[in-house]
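Okay, structure first, notes after.
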Amino acid sequence: MLTYHLADDPRLVPETFRHARRPILIVAHPDDETLFFSPSILYHRHDPHVTRSLLVISSGNYNGIGEQRQTEIHKSCAALGISQDHCVVLDLPDLQDNPKKWWDENLIQDIIAPYIEKWQADLIMTFDQGGISGHINHRAVSAGIRSYVATNEYVPPAYALQSISLLRKYSSLIDLIPSTIPFSWKIIEALLKPATNPDSVGRSLARETGKERVLLVSSWQTYLESRAAFGQHESQYSWDRVLYLVMSRYMWFNTLERIG
């Protein structure tokens, strides 16, 4: 019911998110876009006025298969409906996939800025400070984007995907209950009363909570598209990833919070 009746309700998705026409997702490694951000990257995918972009900071060459993973990410973009000229994976000496190395935040700022400007992004999505899985590269990307937002006067609205406990992370659809608790009154209101002025409702919600939050819920079709996109990452397919695709709530729900 959430998916079909409230997917674009301003009480769950604020105006800056709903009205974005050139969103950019910035992640650390190939497959992050499907494992964690599927509900976000597929949001408004059928809107012809929306051009989505994906920037991957590293090629995921930790095990020496970076070239293969670069090919896989482009296949994933095709499955997600992202054009190839808006699907970029970097392979820079100082930003290599390494679970023990913190990436330079200033370097990340310098690298992302040209792409945000080139693609005229009006919305940024990325990791929060916990990095979802705790991976040090994920957290460094978050830190770099937070610094970018804090040190530049004119930047698009930026949202961070919220990390949650391990138990909730692998509770699949059951996590719908705790995920909707922060939005519970707004969900009830949305079900009972249509929004007469969507934009003012979104601003009101941000004032009431003190934070601008987004709840995105995937439909069954969106979930299947997410799995198909991850299927392009053949080098990453293993029994634990198959289990993840079934058990992870991130395949179904994304809760994001505005940065700054």
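The values are calculated or read from the model by the stated rules, or taken from the named source; none is laboratory data. Being a predicted model, the structure only gives us computed values, none of them experimental. Counting neighbours? That spans all protein chains shown, and the Cβs are built from the backbone with ideal geometry, glycine included.
Does region 17-27 contain at least one residue that is buried (at least 17 other Cβ atoms within 10 Å of the Cβ), in a loop (DSSP other than H, G, I, E, B) and either at pLDDT 95 or above or touching a helix residue (DSSP H, G or I) at 6+ places or on another chain (Cβ under 9 Å) (or both)?
Applying the first criterion (buried (at least 17 other Cβ atoms within 10 Å of the Cβ)) to region 17-27 yields 17-18, 20, 22-27.
Filter once more, keeping what is in a loop (DSSP other than H, G, I, E, B): 20, 22.
Remaining after also requiring either at pLDDT 95 or above or touching a helix residue (DSSP H, G or I) at 6+ places or on another chain (Cβ under 9 Å) (or both): 20, 22.
Yes, there is a match, as at least one residue in region 17-27 is buried (at least 17 other Cβ atoms within 10 Å of the Cβ), in a loop (DSSP other than H, G, I, E, B) and either at pLDDT 95 or above or touching a helix residue (DSSP H, G or I) at 6+ places or on another chain (Cβ under 9 Å) (or both).
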Could you run through region 55-85 and say how many residues are at pLDDT 95 or above and part of a helix (DSSP H, G or I)?
18
Somewhere in region 102-118, is a residue aliphatic (A, V, I, L, M), under 17 Å from the mean Cα position of the chain (by Cα) and under 25 Å from residue 47 (Cβ atoms)?
yes
Can you report the number of residues in region 134-148 which are touching a residue at least 60 places away in the same chain (Cβ under 8 Å) and part of a loop (DSSP other than H, G, I, E, B)?
1
Give region 39-98 a look and list any residue that's within 26 Å of residue 21 (Cα to Cα), free of Cβ contacts under 8 Å to residues at least 60 places away in the same chain, among the small types (Gly, Ala, Ser) and out of contact with any Lys or Arg (no Cβ under 7 Å at 6 or more places or on another chain), or say none.
83
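Every residue, every condition in (1) in contact with a Pro (Cβ under 7 Å, 6 or more places away or on another chain); (2) at pLDDT below 70; (3) surrounded by 16 or more Cβ atoms within 10 Å (Cβ to Cβ), yes or no:
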residue	(1), (2), (3)
162	no, no, yes
167	no, no, no
170	no, no, yes
184	no, yes, no
192	no, yes, no
196	no, yes, no
200	no, yes, no
220	no, no, no
226	no, no, yes
Working only within region 149-165, note down all residues that are under 30 Å from residue 248 (Cα atoms) and not in a loop (DSSP other than H, G, I, E, B).
149, 158, 159, 160, 161
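Just to be sure, is residue 235 modelled with pLDDT of 95 or more, in contact with a helix residue (DSSP H, G or I) (Cβ under 7 Å, 6 or more places away or on another chain) and either hydrophobic (A, V, I, L, M, F, W, C) or crowded, with 19+ Cβ neighbours inside 10 Å (or both)? First the steps, then the outcome.
Values: modelled with pLDDT of 95 or more: yes; in contact with a helix residue (DSSP H, G or I) (Cβ under 7 Å, 6 or more places away or on another chain): yes; either hydrophobic (A, V, I, L, M, F, W, C) or crowded, with 19+ Cβ neighbours inside 10 Å (or both): no.
The answer is no for residue 235.
Within region 99-132, can you find the residues that are part of a loop (DSSP other than H, G, I, E, B), surrounded by 15 or more Cβ atoms within 10 Å (Cβ to Cβ) and touching a Ser or Thr at 6+ places or on another chain (Cβ under 9 Å)? Outline the logic, then answer.
Quick first cut of region 99-132, residues part of a loop (DSSP other than H, G, I, E, B) only: 99-104, 119-122, 128-132.
Filter again for surrounded by 15 or more Cβ atoms within 10 Å (Cβ to Cβ), leaving 103-104, 119, 121-122, 128, 130-132.
Result: 103, 119, 121, 122, 128, 130, 131, 132.
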